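Peer 1: Below is the structure I would like to discuss, written out as structure tokens.
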Protein chains: 4
Amino acid sequence: MSAFSPEIEVAIARTRDEVSALHAELVRNGLVVWTGGNVSGRVPGADAFVIKPSGVSYDELRPENMIVCDLEGRVIPDTPGSDREPSSDTAAHAYVYRHMEHVGGVVHTHSPYATAWAARGEAIPCVITAMADEFGGEIPVGPFAIIGDDSIGRGIVETLTGHRSRAVLMQNHGPFTIGRNARDAVKAAVMVEDVARTVHLARQGGALLPIPQDAIDSLFDRYQNVYGQAAQGAMP
Amino acid sequence: MSAFSPEIEVAIARTRDEVSALHAELVRNGLVVWTGGNVSGRVPGADAFVIKPSGVSYDELRPENMIVCDLEGRVIPDTPGSDREPSSDTAAHAYVYRHMEHVGGVVHTHSPYATAWAARGEAIPCVITAMADEFGGEIPVGPFAIIGDDSIGRGIVETLTGHRSRAVLMQNHGPFTIGRNARDAVKAAVMVEDVARTVHLARQGGALLPIPQDAIDSLFDRYQNVYGQAAQGAMP
Amino acid sequence: MSAFSPEIEVAIARTRDEVSALHAELVRNGLVVWTGGNVSGRVPGADAFVIKPSGVSYDELRPENMIVCDLEGRVIPDTPGSDREPSSDTAAHAYVYRHMEHVGGVVHTHSPYATAWAARGEAIPCVITAMADEFGGEIPVGPFAIIGDDSIGRGIVETLTGHRSRAVLMQNHGPFTIGRNARDAVKAAVMVEDVARTVHLARQGGALLPIPQDAIDSLFDRYQNVYGQAAQGAMP
Amino acid sequence: MSAFSPEIEVAIARTRDEVSALHAELVRNGLVVWTGGNVSGRVPGADAFVIKPSGVSYDELRPENMIVCDLEGRVIPDTPGSDREPSSDTAAHAYVYRHMEHVGGVVHTHSPYATAWAARGEAIPCVITAMADEFGGEIPVGPFAIIGDDSIGRGIVETLTGHRSRAVLMQNHGPFTIGRNARDAVKAAVMVEDVARTVHLARQGGALLPIPQDAIDSLFDRYQNVYGQAAQGAMP
């Protein structure tokens, strides 16, 4: 029997649907292979988030096998999917939700171009306007951190707090992205790979032209406040 | 109630269908991710063009949510889709239609190889015959320009006026292409990425062999006048 | 009314089906964009070959709009498709069929990695066993030749006559491949891009290890005579 | 009439299904072109394995045309598919099954990035955590070996015996991978190409950051024992 109110049950069901469907975007955009990568979404109104099970094929992901966790990353008992193990990155997602209240979604991949920058521990310089729009400047590198304790989550939070970027390249590991909701975090994961690739290709051919800082500021401001069908607002 | 004659209404409906369908070619050819990129087409016989809405997923694009604008880039009221915002690049498209009468279609993408050349501000040299055929020489670079006023449109028009190329690489931004109609501009967007990739790969391996200017001229002339099922004519 | 015997009519119909279907392999293997590239197949028992129409979308290719040409590259009148223009590379295909009797299929693409080698005028060295199997050594470069007369066809024939390779990289242009039949030539087009890519990537990372000539000879001999479901025989 | 017990017949049928279906993963993950690449799986409880036929299109692979071989690599007579030739790499697979009892699956491809490392005879250094997880360190190079005798199989076994990696890059040839079963070997083939690509891209951009050996050990240990829905156990 559920410990949640009917309203929260509805919110969980919607988050299961959304998180399950968004995993298909990782595949479609070439960000993951085999069972790698994971998307999570915060359940609105509850101290809980939904994440994918560990080591399960993308073809087999369904809303009902998504897993509901509390903000310590513990599986909530007696919920659908609670008989399975959640993603091995669950502790990192939980840490982010505990420490960044405005974050509604987290994504992690090993997408190849972004991970290539991470293997050198090198931030991606902001030399294309799409990157200024989306990330407001360079994409930073986070520390080398071993999976299994809080060190990955702490590295994400420390790097992104006060930073315009919604993406961090964890050293020798790969990108983590955050967003207002799970869809926004997936968008950031798609865009970080796109700019990681374009800037990689650009630099292979010679010297990059910088974008003046005031132009970066202006592009970021416009995109956060004007672009799209309604002002969606930058993350605070 | 519509301000257009029945003939123009038919032309608008056809342009909606065409512009909506052509966006699928951007996806199919790997030129765009997420909601990036846009195609527009001039409405034959009217001072108007059709363009995609801003920030809408490619899966959701339909003829009825395409947006009709006048040549100043203002949404024409009381037409289907007029409750939505048009692409954030609408001002640039409008500028091109106002100043280049022979242009019937405009396309903009951030396709990765073409944008990589743009991030270095470097024109693509004409070293493959397919490029001589299609573009008649190098693909030029346009100025760095901030979105939101006429500077992008002006940069496109100034760079392409009197130039054989139907594509310009806007510095730090990405390619814009023009064409006799929307399909022709999409073809140019596909081809500019193809040649940007091939010439990038070629130069990674060593020195490029130039094509003599008279051979470029001869290839361009033949392609514009002979290729295909009927002489389609180069743009004047 | 047809000038062909019933047996030849059947052979033409089969070649139309085969050549039409094989164009899908060019798309599936990423060898072509838009309307680029072409496949032809010799009609067994007749001085004729089947080739694709010029400038027609891959989605619209059907057996009935394939075009039947004589060995001078002239469209045979009063055959289905004869109201359209054949591929602009038809003269080159015809030249090959006239001068290389054992050739039953010809393919041309601008596949990106193979064309990159062609833009440097550089043969692909044989450093992987799959290349020794399939091509028996390096993939040679042919001369720079302008489309529209016999110079492309002559360059193909002169380069490949007496050479183990079924592929030639025409300088600044792209690969042409030949085969026992159209399917075999398509296979060679797929394989030449595959090895062009792998050897390009290999050399980007450092010095290549050569394969000893006697090992190349042994691999080529085995593959031509043993591989597959029946000894298919190398081209003489 | 079959020489196998009913239990073994069931095991063969299951292995046929599995091996046939897994070939689709090679295509889906971009590891193979045309008829290249092969997957085999050991039949539990029997001195036999199932492998794909030689030179047959991926579209035509079906459980019933998979081929059953003994551990010397000889086709077992009077079994479905026994009228066809098995993969030309069958001797190498057989050698592995004879000499590595814990191996239940073998895969071979010419995937482009992994083969590029093989063409330089260079091991892939362990600079990303996904590689430490999956392979426990660098991916080693095996000797140059000519197809047709035991030298490929011997090179695989000698390189991987006592090594954490389930993948070996056979010099100038391409990757071979092993696994607890055919699916596990396919996973290794997918992952080796993924890390070969990421580390290639990383090094194109500058110096790589090493991962400390104790961190590699810790990641490998965790992944082999904790990851996934049940402890699957590393190969001994």
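The values are calculated or read from the model by the stated rules, or taken from the named source; none is laboratory data. Keep in mind it's a predicted model, so treat the numbers as computed, not measured. For neighbour counting, all protein chains shown are included, and Cβ atoms are generated from backbone atoms with ideal geometry for every residue, glycine included.
Peer 1: Give the number of residues within the stretch C:104-127 that are within 19 Å of residue C:12 (Cβ to Cβ) and touching a Lys or Arg at 6+ places or on another chain (Cβ under 6 Å).
Peer 2: Adding up the residues that qualify gives 1.
Peer 1: Tally the residues that are in contact (Cβ under 8 Å) with a residue 60 or more places away in the chain, facing chain B (nearest Cβ under 7 Å) and more than 30 Å from residue A:40 (Cβ to Cβ), restricting the search to the stretch A:182-219.
Peer 2: 5
Peer 1: May I ask you to list the residues in the stretch B:36-54 that are surrounded by fewer than 18 Cβ atoms within 10 Å (Cβ to Cβ) and among the small types (Gly, Ala, Ser)?
Peer 2: Of everything in the stretch B:36-54, just one residue is surrounded by fewer than 18 Cβ atoms within 10 Å (Cβ to Cβ) and among the small types (Gly, Ala, Ser), namely B:45.
Peer 1: Do we have any residue at all in the stretch A:88-103 that's assigned to a loop (DSSP other than H, G, I, E, B), more than 24 Å from residue A:181 (Cα to Cα) and out of contact with any Lys or Arg (no Cβ under 9 Å at 6 or more places or on another chain)?
Peer 2: Among the residues of the stretch A:88-103, not one is assigned to a loop (DSSP other than H, G, I, E, B), more than 24 Å from residue A:181 (Cα to Cα) and out of contact with any Lys or Arg (no Cβ under 9 Å at 6 or more places or on another chain), which makes the answer no.
Peer 1: Name the residue that is farthest from residue B:95 (Cα to Cα), counting only residues in the stretch B:124-139 that are of a type in the set (Gly, Ala, Ser) and at the interface with another protein chain (Cβ under 9 Å from one of its Cβ atoms).
Peer 2: Residue satisfying both the conditions and the ranking: B:130.
Peer 1: Taking residue D:59 as meeting all but one of (1) touching a residue at least 24 places away in the same chain (Cβ under 8 Å); (2) within 14 Å of chain C (Cβ to nearest Cβ), write down the number of the exception.
Peer 2: Among (1) touching a residue at least 24 places away in the same chain (Cβ under 8 Å); (2) within 14 Å of chain C (Cβ to nearest Cβ), residue D:59 violates only (1).
Peer 1: Across the stretch D:156-165, which residue is farthest from residue D:33 (Cα to Cα) among those that are touching a residue at least 40 places away in the same chain (Cβ under 8 Å) and not charged (D, E, K, R)?
Peer 2: D:161
Peer 1: Where in the stretch C:1-73 are the strands (runs of 3 or more DSSP E), entirely inside, with at least 1 residues that are among the aromatic types (Phe, Trp, Tyr)? If you could, list the steps in order and put the result at the bottom.
Peer 2: On the way: elements: C:38-42, C:48-51, C:67-70.
Output list reads C:48-51.
Peer 1: Sticking with this one: Residue by residue through the stretch C:115-147, note down the ones that are surrounded by fewer than 24 Cβ atoms within 10 Å (Cβ to Cβ) and charged (D, E, K, R).
Peer 2: Passing the criteria: C:120, C:122, C:133, C:138.
Peer 1: Right, another one. Residue A:45 versus (1) out of contact with any Gly (no Cβ under 8 Å at 6 or more places or on another chain); (2) under 30 Å from residue D:27 (Cβ atoms): which is the lone unmet condition?
Peer 2: Result: residue A:45 fails condition (2) only.
Peer 1: Against the definition (among the aliphatic types (A, V, I, L, M), buried (at least 20 other Cβ atoms within 10 Å of the Cβ) and either within 13 Å of chain C (Cβ to nearest Cβ) or in contact (Cβ under 8 Å) with a residue 60 or more places away in the chain (or both)), how does residue D:33 come out, yes or no?
Peer 2: The answer is yes for residue D:33.
Peer 1: From the list D:142, D:121, D:155, which one is farther than 23 Å from residue D:18 by Cβ and either within 12 Å of chain C (Cβ to nearest Cβ) or acidic (Asp, Glu) (or both)?
Peer 2: Only one candidate passes the filter, namely D:121.
Peer 1: Now for a separate question. Would you mind stating whether residue C:162 is within 14 Å of chain D (Cβ to nearest Cβ), out of contact with any Cys (no Cβ under 8 Å at 6 or more places or on another chain) and more than 26 Å from residue D:55 (Cβ to Cβ)?
Peer 2: Spelling it out, it is not the case that residue C:162 is within 14 Å of chain D (Cβ to nearest Cβ), out of contact with any Cys (no Cβ under 8 Å at 6 or more places or on another chain) and more than 26 Å from residue D:55 (Cβ to Cβ).
Peer 1: Next question. When you scan the stretch D:124-134, do you find a residue that is within 17 Å of the chain's Cα centre (by Cα) and either under 19 Å from residue D:102 (Cβ atoms) or modelled with pLDDT under 95 (or both), even just one?
Peer 2: yes
Peer 1: Hey, can you tell me all the residues within the stretch B:166-186 that are surrounded by fewer than 24 Cβ atoms within 10 Å (Cβ to Cβ) and under 13 Å from residue B:39 (Cβ atoms)?
Peer 2: Selection gives B:179, B:181, B:183, B:184.
Peer 1: May I pose another question? Among what's in the stretch B:73-108 and is touching a residue at least 12 places away in the same chain (Cβ under 8 Å), of a type in the set (D, E, K, R) and within 15 Å of residue B:53 (Cβ to Cβ), pick the residue that is surrounded by the most Cβ atoms within 10 Å (Cβ to Cβ).
Peer 2: Taking the stretch B:73-108 first, the residues touching a residue at least 12 places away in the same chain (Cβ under 8 Å) are B:73, B:76, B:78-82, B:84-100, B:102-108.
From the residues that got through so far, the ones that are of a type in the set (D, E, K, R) too are B:78, B:84-85, B:89, B:98.
Now narrow it down to the ones that are within 15 Å of residue B:53 (Cβ to Cβ): B:84-85, B:89.
Details: B:84: 17, B:85: 17, B:89: 22.
Looking at residues that are touching a residue at least 12 places away in the same chain (Cβ under 8 Å), of a type in the set (D, E, K, R) and within 15 Å of residue B:53 (Cβ to Cβ), I get B:89.
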